[in-house]
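Notes follow once the structure below has been shown.
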Amino acid sequence: MRGVRSSLRSLALVLARALGNDWSLPHWRVLCFHDVPPEAAGRFEEYVSWFGRYYEWVSFSAGCAAVREGPLTHPIATLRFDDGWLSQGTVVLPILRRMRIPACLFVVPEYVNRGTMFRNRAGGHAMTWCMVKEWLAAGLELGNHTFSHMRLSECDSDTIWREVAKANDEIFDRTEYRCVHFAYPHGRWSPRSREIIRSMGLISQSTIVRGPMRKGHPLEALRADQCDLSRDPRRSELVMRAAEWAPWLRRIGALVARLQRICL
Ligand SMILES: [Zn+2]
């Protein structure tokens, strides 16, 4: 049964590659990871190797610059890590150092201050500020992910301002690094949050909408493909390619609904 499923998945991937977007054209893609426990270290390296066949790994800032002003001459990708999990310091950082791959960590200062994650009931340990400094010493970037992982789409203006400003101030006080990139917790944004964060001088705002970004893509609505390390990279590639069909499927659905209204 497992063999049949694997064959079907391989066939689906072949079809998705043939019928979907051409990944060899110039674009930027962000791959987003969370916890990478020691037992998933090998799987994480598989992801880096698998997608490294399609993409040149670049820093988050280089990706932003490429879509904003170019040149964007070939496929490039960036590794993004969210929250500040302990494993991002103990497992991911040594791998990135060894493989010499850039990345950006969107850290939540309150998690680091407390030493624990509380984004879900399962909890987990957070990185230390010492590890965050090691991350920077390795030439990697940091981003703002709010001070306490708030859903900004549900916050008033004062709370949005405070959460983002406090995060930047705390990161600067601890590391002397000034963040210029922002990622929304849970990917949740609102027109108000977008305006406030833009006015604070942060140059990019990232969501968790999947998909590639081409030259001219707005930095205030960056995309990211969430990667689930319980899936092998081949399966994640299939999910990414399927997601690229979503806008077309929505358009076809809207057209069908419109035709139904006209005909009835
Ligand atoms: Zn998060």
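Where a number appears in this text, it was derived from the coordinates with a stated rule and is not lab data. Since the structure is predicted, the reported quantities are computational estimates derived from the model, not experimental observations. For neighbour counting, all protein chains shown are included, and Cβ atoms are generated from backbone atoms with ideal geometry for every residue, glycine included.
A few remarks follow.
- Any pair with Cβ under 9 angstrom, 6 or more apart, that starts in the stretch 122-139 at a residue that is without any contact (Cβ under 8 Å) to a residue 12 or more places away in the chain and ends at one that is assigned to a helix (DSSP H, G or I) and among the hydrophobic types (A, V, I, L, M, F, W, C): none
- Among the conditions (1) without any contact (Cβ under 8 Å) to a residue 24 or more places away in the chain; (2) more than 20 Å from the chain's Cα centre (by Cα), ILE196 misses just one, which is (1).
- Cβ-Cβ distances below 8 Å connect the following pairs, each with a first residue in the stretch 17-29 that is assigned to a loop (DSSP other than H, G, I, E, B), a second residue that is of a type in the set (S, T, N, Q) and surrounded by fewer than 11 Cβ atoms within 10 Å (Cβ to Cβ), and a separation of six or more residues or different chains: PRO26/THR73.
- Those residues of the stretch 32-57 which are free of Cβ contacts under 8 Å to residues at least 60 places away in the same chain, in a helix (DSSP H, G or I) and hydrophobic (A, V, I, L, M, F, W, C), in sequence order: ALA41, VAL48
- Selection of the stretch 91-136 for residues being of a type in the set (Asp, Glu) and closer than 27 Å to GLY63 by Cα yields only GLU134.
- Of everything listed in (1) of a type in the set (A, V, I, L, M, F, W, C); (2) buried (at least 22 other Cβ atoms within 10 Å of the Cβ); (3) more than 16 Å from the ligand (Cβ to nearest atom), the single unmet condition for TRP57 is (2).
- With respect to being within 24 Å of GLY211 (Cβ to Cβ), among the aliphatic types (A, V, I, L, M) and surrounded by 17 or more Cβ atoms within 10 Å (Cβ to Cβ), LEU86 falls outside the description.
- The residue that is farthest from the ligand (Cβ to nearest atom), among those in the stretch 92-133 that are polar (S, T, N, Q) and closer than 18 Å to PRO38 by Cα, is THR128.
- ARG100, sole failed condition from (1) surrounded by 19 or more Cβ atoms within 10 Å (Cβ to Cβ); (2) free of Cβ contacts under 8 Å to residues at least 24 places away in the same chain: (1)
- Residue match in the stretch 149-163 (condition: surrounded by 14 or more Cβ atoms within 10 Å (Cβ to Cβ), closer than 23 Å to CYS64 by Cβ and touching a strand residue (DSSP E or B) at 6+ places or on another chain (Cβ under 6 Å)): no
- Residues of the stretch 198-218 that turn out to be among the polar types (S, T, N, Q) and part of a loop (DSSP other than H, G, I, E, B), as a count: 1
- The single condition among (1) farther than 22 Å from PRO75 by Cβ; (2) in contact (Cβ under 8 Å) with a residue 40 or more places away in the chain that ARG251 does not meet is (2).
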